[in-house]
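Presented below is the structure to which this report refers.
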Amino acid sequence: MRALLLTVAIVCTVAAQTANGPTIVVVDENGVAVPSARVSLESAGQPIAHCETSFSGRCSLPNVVAGLYTLRVQKEGFYALEQAAVQVSPRATVDVALTRTQEIHEVVDVRESPPAIDPAQVASKESLSGLDIVNMVFPTAHDYRNAVSFIPGVVNDQSGQPHVAGAQTYQTITLLDGFNVTQPANGQLLIRVSTDAFRSIQVQPSREPAEFGKGSGGALLLNTGIGDDHFRFWATNFIPSFQNKHGWRFDQFLPLFTFSGPIVKHKIWFYNAFDGEYDNLVYTALPVGQDNDHILRFGNQTKLQSNITERNILTTSFLVNHLHDQYAFLSPQSPQFANPKDVEYSYFPSIKDQHYFANGMLVETGLGFDQYDINLTPYGSKPYFVNTNTSGGNFYLNAETIATRWQGFANVYLPPQQWHGRHDFKVGVDLDHISYDAHFSRQPISFLVADNTLTSGNLCLTANQNAQFPCTRYSTFTQAPLVEQNNAEVSAYAEDRWAITDRLLLEPGVRFDWDDVVHHANFAPRLAGTYVLDNSGSTKLSAGIGLIYEATPIFLIARPYSGTRQDTFFSTAPNCTTPTNCVGVSGPVETRFTANTADLESPRFLNWSVGLEKKLPAMIYMKAEFFQRRGNSGFVYDTAANSPTGNFVLQNTRQDHYDAFQISLRRTFRETYSIMGAYTRSSARTNQALDFNVDNSVLARQQPGPYPWDTPNRFFSWGYLPFFPLPIIHQLEFAYSMEARTGFPFNEYTDQLQLIGKPGAQRFPDYFSLNVQLEKRFHLLGYYLALRGGMDNITGRCDPFVVNSIIDATHPQPTFTACLGRAFTSRIRLLGRK
């Protein structure tokens, strides 16, 4: 901390050599600074000077004499601003307000800022605008996480969790309007926000600034909207749908309602976004009457922004999520009452203050709290069993968990300094307190031969270990103690954005991290830069390298409190068809977990990347990137040397390897039309691929292998374009998305859940899906409406997401089920008054 303060003092005392020119201050319609806006002055059609705004929305135009000029200001996501006959004089200040792009153009003669290669963008950033998310087609369109998977460098696994740059979900820091919203204990992305609420979703898989320092898998930034001086409202999918599976029945109702506007014009604004969901999931492979799962979910985000003064902006937000899943984990291999009821709540209040000083300094502070409550409740106490094709009885686990995070941060953006170029310096601190409380209760699990089932009251074992039923394995659990795990985290960073020339920029930074579990003070340096290769600004080369220390995952530290498991194994000989032929052959074998935090150190990653951006003919923008992540001292549970099998100890022995090359092309047209495509060749592997825990009954030694989301080859494309098949049809748009990739890896097991072969040796079939929709916008009764219809997976290809990988004499090969298939989809949006 002393070193950080000393660095700030040195920078603040550097002799500033401010250029003798006007200062341009760029804000949005609510007075919030707009960084990285492109500003230029022209006279008689000839460019005179240009600059790019700093973190506080300010930039100086050097060596400009007094006179009348044409002022141009552009920033993607905003309408371009052009003002003629602007009086400019040296040392004067010119204030400019940009307006964000809206789905409805309320004024005429406006044009959006064209895309451009940003020389000040050092991080490898990919993004979707709010209009992209609304316009593009993606399956399960009410869940923004499915839109995230159409950003280069992001892959969603089978459960819908995103993985950035091959990392585990908890290794990516996810910020909602600047606040960390990953589940505090396990790091999953469970938060739900209306897809209509986003201004942008950005992913920074590498070369991320030192400000984002707790995730080796980069940063995922979720930015939502706020009201302005106009009252606005949207409504989406306010009509339910139906399906023909085992007869016609209700399908889903996915209403989204958003409204915003002023409380006090020019001073206080509100924003409210509600999203609801009621699903009736039907699996035709299950018997009629036992084939569906009802899911009820809702979320609501309320935001207020108050400009206390012209230089002081206060923003508050409250987000609540609720989920009620009647039969969680329902699948063709897991019927209704073999699954638990899943009830979840989460809350996210926050407050953020931004103060702009007259000299260009910005101080930003924030305080937030988030809480996740998860309850899994079985439907009874019938003995739970698993055979090679299905499961039955009542779910074995009753779980209640509460995870909370208090977080506070402060960022200081210092005024730009001139010393061999321009320096934009920022420093900050981040304080977190995390708590995790959990209670688990488990009943035994019987693993049965072939298609056998248990009847009520039957058990797999007697006291002398003779089976009363043809079993292969019987697992019991000790009572888990109450988990109470806490952690405190302290972080600080310092970073300089040094524009040596208009074409060369360096971004050195250093980060400090400490937490109360590992007790290690970690200093992580980073260095990245960009160089524009030509005077036209159409080609940019970027590169960077950084050391990153990972935040301590509480769910691994708390694993020893989940209890222990005891397994007894039985003969699986072909004649094991009656109880007298199924005799216990080994056990019980105990599985337990131990974590000695005094022996641990923080996992560390060395990430480096190099990228090329190029503006091609026809306004096509190309990005090519190569990433490499090398992780050492990662947390993993493994058996210690000379210790019994099943005695797992938390160690620092995991090594992660990720290599990827990706290339993307994007073309943006008028009126927000765009098309893009991306290909990624990658490898996500680890030297210890198995995740042992008390609920994972896999029997094997730790081995290397791919991560479950490893996809060596992946190509996707999406677009939103005008569609004119007939001259009489106007304002008809065509939207599509397509994905083709290598199938995810999976493991094969014996009927005793012993691993067969290497981890991830088998893969799902290659995945291909094409989704197309047509949209018509029209006026009705004084309102704007947009009606959309089309097909998901229009080719009808079977893309399974469930596999039965138990291999025995009656089941010699894995079988795939739960194909997504072809489905008709529709959407109607109410876009406000005409």
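Every residue, every condition in (1) out of contact with any Leu (no Cβ under 8 Å at 6 or more places or on another chain); (2) of a type in the set (D, E, K, R); (3) within 26 Å of L774 (Cα to Cα), yes or no:
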residue: I117; (1), (2), (3): yes, no, no
residue: I133; (1), (2), (3): yes, no, yes
residue: M136; (1), (2), (3): no, no, yes
residue: N146; (1), (2), (3): yes, no, yes
residue: S159; (1), (2), (3): yes, no, no
residue: P162; (1), (2), (3): no, no, no
residue: Q168; (1), (2), (3): yes, no, no
residue: L175; (1), (2), (3): no, no, no
residue: F179; (1), (2), (3): yes, no, no
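So that you can scan it fast, the table gives a plain yes or no per residue for (1) of a type in the set (K, R); (2) farther than 30 Å from H811 by Cβ:
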{"position": "F692", "(1), (2)": "no, no"}
{"position": "N696", "(1), (2)": "no, no"}
{"position": "A700", "(1), (2)": "no, no"}
{"position": "P704", "(1), (2)": "no, no"}
{"position": "F734", "(1), (2)": "no, yes"}
{"position": "R741", "(1), (2)": "yes, no"}
{"position": "Q754", "(1), (2)": "no, no"}
{"position": "G757", "(1), (2)": "no, no"}
{"position": "P765", "(1), (2)": "no, no"}
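Looking across P62, P114, P35, P90, one residue alone is in a loop (DSSP other than H, G, I, E, B), open to solvent by 40 Å² or more (accessible area, probe 1.4 Å), of a type outside the set (D, E, K, R) and modelled with pLDDT of 90 or more. It is P35.
Scanning the stretch 443-486 for residues that are open to solvent by 20 Å² or more (accessible area, probe 1.4 Å), modelled with pLDDT of 80 or more and of a type in the set (F, W, Y) yields a count of 2. Inclusion of N375 among residues that are under 30 Å from D325 (Cα atoms), open to solvent by 20 Å² or more (accessible area, probe 1.4 Å) and in a strand (DSSP E or B) is warranted. Consider A141 against the criteria (1) among the hydrophobic types (A, V, I, L, M, F, W, C); (2) touching a helix residue (DSSP H, G or I) at 6+ places or on another chain (Cβ under 6 Å); (3) under 25 Å from N771 (Cβ atoms): it satisfies all of them except one. Which criterion is unmet? All conditions are met except number (2).
Number of residues in the stretch 764-796 that are basic (K, R) and either touching a Ser or Thr at 6+ places or on another chain (Cβ under 7 Å) or at positive phi (or both) equals 1. Look at the stretch 679-702: where a residue is within 22 Å of D659 (Cβ to Cβ) and touching a residue at least 60 places away in the same chain (Cβ under 8 Å) and a partner is basic (K, R) and outside any loop (DSSP other than H, G, I, E, B), sitting 6+ places away or on another chain with Cβ atoms under 6 Å, you get T680/R714. Pairs meeting the criteria (first residue in the stretch 71-100 and over 30 Å from E126 (Cβ atoms), second residue of a type in the set (D, E, K, R) and in a strand (DSSP E or B), beta carbons under 9 Å, at least 6 apart or on different chains) are L71/E42; L71/E82; Q83/R72; T93/R58.
Scanning the stretch 228-253 for residues that are at pLDDT 90 or above, buried (at least 17 other Cβ atoms within 10 Å of the Cβ) and assigned to a loop (DSSP other than H, G, I, E, B) gives a single hit, D228. Taking the stretch 733-834 as the region of interest, the strands (runs of 3 or more DSSP E) fully inside it that hold 1 or more residues being of a type in the set (F, W, Y) and surrounded by 15 or more Cβ atoms within 10 Å (Cβ to Cβ) are 767-780, 783-792, 800-804, 815-819.
Note on the stretch 359-370: residues that are at pLDDT below 95 and open to solvent by 60 Å² or more (accessible area, probe 1.4 Å) amount to 1.
Just to verify a result, which residue in the stretch 170-222, among those that are part of a strand (DSSP E or B) and touching an Asp or Glu at 6+ places or on another chain (Cβ under 6 Å), is surrounded by the most Cβ atoms within 10 Å (Cβ to Cβ)? Step through it out loud before you land on a result.
Pass one, the stretch 170-222, residues part of a strand (DSSP E or B): 173-176, 179-180, 198-206, 219-222.
From what's left, touching an Asp or Glu at 6+ places or on another chain (Cβ under 6 Å): 203, 219.
Details: V203: 25, A219: 22.
In this case the residue turns out to be V203.
Kindly establish whether Y720 is at pLDDT 90 or above, closer than 19 Å to D196 by Cα, open to solvent by less than 50 Å² (accessible area, probe 1.4 Å) and of a type in the set (F, W, Y).
On the way: at pLDDT 90 or above: yes; closer than 19 Å to D196 by Cα: yes; open to solvent by less than 50 Å² (accessible area, probe 1.4 Å): yes; of a type in the set (F, W, Y): yes.
The answer is yes for Y720.
Sort through R685, R630, R667, R654 and tell me the only one that's under 27 Å from T539 (Cβ atoms) and not aliphatic (A, V, I, L, M).
On the way: R685 fails: under 27 Å from T539 (Cβ atoms); R630 fails: under 27 Å from T539 (Cβ atoms); R654 fails: under 27 Å from T539 (Cβ atoms).
Answer to the selection: R667.
If only residues of the stretch 683-703 that are open to solvent by less than 20 Å² (accessible area, probe 1.4 Å) and of a type in the set (S, T, Y) are counted, the one that is nearest to G166 (Cα to Cα) is T686. Whether any residue in the stretch 349-357 is assigned to a loop (DSSP other than H, G, I, E, B) and closer than 22 Å to P444 by Cβ is what I want to check. Scanning the stretch 349-357 turns up no residue that is assigned to a loop (DSSP other than H, G, I, E, B) and closer than 22 Å to P444 by Cβ. The set of residues in the stretch 584-623 that are open to solvent by less than 50 Å² (accessible area, probe 1.4 Å) and under 27 Å from the mean Cα position of the chain (by Cα) comprises S602, P603, F605, N607, S609, G611, E613, Y621, M622.
Let's see how each residue does on (1) over 30 Å from V449 (Cα atoms); (2) buried (at least 19 other Cβ atoms within 10 Å of the Cβ); (3) of a type in the set (A, V, I, L, M, F, W, C):
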{"site": "A488", "(1), (2), (3)": "yes, no, yes"}
{"site": "N522", "(1), (2), (3)": "yes, yes, no"}
{"site": "T530", "(1), (2), (3)": "yes, yes, no"}
{"site": "S538", "(1), (2), (3)": "yes, no, no"}
{"site": "E550", "(1), (2), (3)": "yes, yes, no"}
{"site": "S562", "(1), (2), (3)": "no, yes, no"}
{"site": "D567", "(1), (2), (3)": "no, yes, no"}
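Taken residue by residue, the stretch 285-293 has no member that is crowded, with 19+ Cβ neighbours inside 10 Å and farther than 26 Å from Y379 by Cβ.
I need the full set of residues from the stretch 93-111 which are hydrophobic (A, V, I, L, M, F, W, C) and either at pLDDT below 85 or surrounded by 17 or more Cβ atoms within 10 Å (Cβ to Cβ) (or both), in order please. First the steps, then the outcome.
The first filter runs over the stretch 93-111 and keeps only residues hydrophobic (A, V, I, L, M, F, W, C), leaving 94, 96-98, 104, 107-108, 110.
V94, V96, L98, I104, V107, V108, V110, listed by residue number.
Are there any pairs, at least 6 apart or on different chains, whose C-beta atoms fall under 7 Å, with the first in the stretch 294-313 and touching a residue at least 24 places away in the same chain (Cβ under 8 Å) and closer than 26 Å to D251 by Cα and the second open to solvent by 60 Å² or more (accessible area, probe 1.4 Å) and assigned to a strand (DSSP E or B), and if so, which? That search, which allows pairs on different chains as well, returns I295/L281; L296/Y278; L296/H324; N300/F274.
Taking the numbered list (1) out of contact with any Ser or Thr (no Cβ under 7 Å at 6 or more places or on another chain); (2) open to solvent by less than 40 Å² (accessible area, probe 1.4 Å); (3) under 30 Å from R91 (Cβ atoms) in turn, S306 passes all entries but (3).
The values are calculated or read from the model by the stated rules, or taken from the named source; none is laboratory data. Here the structure is a predicted model, which means the values were calculated and not measured. All Cβ positions, glycine included, derive from the backbone under ideal geometry; neighbour counts span all protein chains shown. SASA here: full protein model, heavy atoms, side chains in, ligands and nucleic acids out. Shrake-Rupley method; radii C 1.70, N 1.55, O 1.52, S 1.80 Å.
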